[in-house]
Amino acid sequence: MDGLLASANHFIKENQPDVDYRWYPRFHLAAPVGWMNDPNGLTWFNGYFHAFYQHYPYAAEWGPMHWGHARSRDMIRWEHLPVALAPEGPEDKDGCFSGSAVVEGEILSLIYTGHKFHGQPVDENLYQVQCLATSRDGVTFRREGQVLDTPAGAHHFRDPKVWREDNGWYMVVGTKVNDTGEILIYRSDDLRHWQHESAIRGTDICDGYMWECPDLFPLGDKQILMFSPQGVNADGDHYRNLFQSGYVVGNWQPGMPFTPQHAFQELDHGHDFYAPQSFTTPDGRRVIIGWLAMWESPMPEKADGWAGMLTLPRELTLSETGRVRQVPVKEIETLRTERLEWQPGELFQQNLPLMDDAQALEVLLEWDISRSMAEQYGICLGAGARIFIDNQTRRIVLERNYPTLNVSGYRSVPLPEGERLNLRLFIDKSSLELFVNEGEYTLSSRIYPAENDRQLSLFCHHGNAVVHECSAWQLAY
Ligand code: FRU
């Protein structure tokens, strides 16, 4: 039965040398070759963080899903491991879809969705069931088959997220009822027998015809229901991507329904962020990793033999006003090597080159927004990417413009109140992740600069801008 796994691993080994690394990340996780989407099974087991992911090794396109696998001591430096799951059982013959991992004693358990069609691949023939696979060494997995069948009348039923609470296992699963998203909560004593407990229905808290990748976890004294709805319409500056990812703050405890306290809020405001999953570190931090790409986006790296990457791990906290803040985990600082510092002071209608070849860099900027009157001021990477404050709209804008690759457009968030604005920007070979004011907002987008188009500059149009801090760290490993 390990034919499909062996051929996937063989294919990866043979084809990895042909990958073109011009846009391949230096300090983010991507598949060694082929396609990657959602992060799966994020967990800590036997001294390592494990990240699994939706993977199709044979092409840089989505296909019958496997679970790719990597491990890390610090969530930053990843080591690729053999593919963990391939669609080789009757219960997952058309794909091993997203899911999660839990540890009990010596055993690492993966709970994932078996995706299968009974006949032609059309929705009426689609059945999604929850499956289990277990491991003692964290590398090879024993398939234990289906543990929860599709509920009567349902077809879409996927992305189980399991956690331990009150001497039991709990699980949230996304589903679709009459074209409305819904999340079902189950309980089990042994990960093998599951009883339905309650449901969280769409429309009251969020629209969408299907809610993917649900997660329910405590933060501060609240519970965060995080999920990725499909089918929410764009509304002004909101919900601009094809699908969204966000959260609802509320209360929940075993045996009780979830009660929302705030409306749905987006987690990230860039072009490329989807299907985040949370986990806890051994020292108790709640961290998420998301997919740094978006369904149906062009992903020019496909031409290079790979597609899709994951975000940096981000530690979450809850603000007093009920907003989730995200900052990169502190381990990222262990990548810092050379420190660069500039003292531009005040800019006036100018372009100020900082460095030539920004490849893997953390940039720290502090603007005095109360004394900056320019129409637009900010930082740009080559001709294609800009992050700036737009004083006319009072927004922070992330703009990318690679017209020959069909990757253009901007995203923006409101300029926070206050005198100072703090921007922390992570630049990798084909990504920008911007953290505004210690995680009040984040914007994550893919970028595709040509080899000679990575000059970093500050700019300021029509007026002045005051910079208190402008520094950077080279990141390396
Ligand atoms: C989210 C998703 C999941 C599904 C997986 C399939 O991006 O659509 O709902 O399990 O990707 O690859």
Go over the candidates Asn251, Asn178 one by one and state the one that is in the same structural domain as Gly99 (by TED's automatic domain parsing), over 24 Å from Asn40 (Cα atoms), more than 16 Å from the ligand (Cβ to nearest atom) and modelled with pLDDT of 95 or more. Asn251
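Conditions tested, residue by residue: (1) under 26 Å from Ser408 (Cβ atoms); (2) in contact with a Pro (Cβ under 8 Å, 6 or more places away or on another chain).
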position	(1), (2)
Tyr448	yes, yes
Asn452	yes, no
Leu456	yes, yes
Cys470	no, yes
Residue, nearest to the ligand (Cβ to nearest atom), within the range 160-175, restricted to residues that are open to solvent by 10 Å² or more (accessible area, probe 1.4 Å) and within 22 Å of the chain's Cα centre (by Cα): Lys161
Gly208 passes all but one of (1) more than 22 Å from Pro151 (Cα to Cα); (2) open to solvent by less than 70 Å² (accessible area, probe 1.4 Å); which number fails? (1)
Output the number of the condition that Asp272 fails; it satisfies all remaining conditions of (1) within 16 Å of the ligand (Cβ to nearest atom); (2) open to solvent by 30 Å² or more (accessible area, probe 1.4 Å); (3) of a type in the set (Asp, Glu). (2)
Condition first: assigned to a strand (DSSP E or B) and surrounded by fewer than 18 Cβ atoms within 10 Å (Cβ to Cβ). Can you find one or more residues in the range 286-305 that meet it? no
How many of the residues in the range 25-50 are in contact with a helix residue (DSSP H, G or I) (Cβ under 7 Å, 6 or more places away or on another chain) and among the hydroxyl-bearing types (Ser, Thr, Tyr)? 0
Strands (runs of 3 or more DSSP E) enclosed by the range 139-189 - at least 2 residues per element that are farther than 27 Å from His69 by Cα and out of contact with any Leu (no Cβ under 6 Å at 6 or more places or on another chain): 168-177, 180-188
Looking at Gln265, Gln277, can you tell me which residue is modelled with pLDDT of 95 or more, within 12 Å of the ligand (Cβ to nearest atom) and open to solvent by 10 Å² or more (accessible area, probe 1.4 Å)? Gln277
Any idea how many residues of the range 111-128 are within 13 Å of the ligand (Cβ to nearest atom) and either open to solvent by less than 10 Å² (accessible area, probe 1.4 Å) or at pLDDT below 95 (or both)? 6
So which strands (runs of 3 or more DSSP E) are wholly in the range 192-231 and hold at least 3 residues that are within 16 Å of the ligand (Cβ to nearest atom) and under 22 Å from Asn251 (Cβ atoms)? 210-219, 222-230
Would you mind stating whether Gly138 is under 24 Å from Gly114 (Cβ atoms), among the small types (Gly, Ala, Ser) and surrounded by 17 or more Cβ atoms within 10 Å (Cβ to Cβ)? yes
Quick one: in the range 223-249, which of the residues that are in contact (Cβ under 8 Å) with a residue 60 or more places away in the chain and farther than 16 Å from Val172 by Cβ is surrounded by the most Cβ atoms within 10 Å (Cβ to Cβ)? Arg240
Of Arg394, Arg386, Arg446, Arg420, the only residue that is charged (D, E, K, R) and at positive phi is Arg394
What number of residues within the range 357-395 are open to solvent by less than 10 Å² (accessible area, probe 1.4 Å) and closer than 12 Å to Gly463 by Cβ? 4
Collect the residues in the range 26-79 that are closer than 19 Å to Arg286 by Cβ, of a type in the set (D, E, K, R) and within 13 Å of the ligand (Cβ to nearest atom), keeping them in residue-number order. Asp38
Looking at this structure, is Lys13 within 16 Å of the ligand (Cβ to nearest atom), among the charged types (D, E, K, R) and more than 30 Å from Pro282 (Cα to Cα)? no
Exception for Arg446 within (1) more than 24 Å from Leu347 (Cβ to Cβ); (2) open to solvent by 10 Å² or more (accessible area, probe 1.4 Å); (3) of a type outside the set (A, V, I, L, M, F, W, C) falls at (2)
Inspect all residues belonging to the range 327-345 and state whether any of them is under 14 Å from the mean Cα position of the chain (by Cα), buried (at least 23 other Cβ atoms within 10 Å of the Cβ) and modelled with pLDDT of 95 or more. no
Contact list, first residue from the range 145-159 and open to solvent by 50 Å² or more (accessible area, probe 1.4 Å), second anywhere and of a type in the set (Gly, Ala, Ser) and within 14 Å of the ligand (Cβ to nearest atom), beta-carbon distance below 7 Å, six or more apart or interchain, is Gln146/Gly114
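The values are calculated or read from the model by the stated rules, or taken from the named source; none is laboratory data. The model shown is predicted, which means the values in this text are computed figures rather than measured ones. Cβ atoms come from the backbone with ideal geometry, glycine included; neighbour counts cover every protein chain shown. Heavy atoms of the whole protein, side chains included, go into the accessibility calculation; ligands, DNA and RNA do not. Shrake-Rupley method; radii C 1.70, N 1.55, O 1.52, S 1.80 Å.
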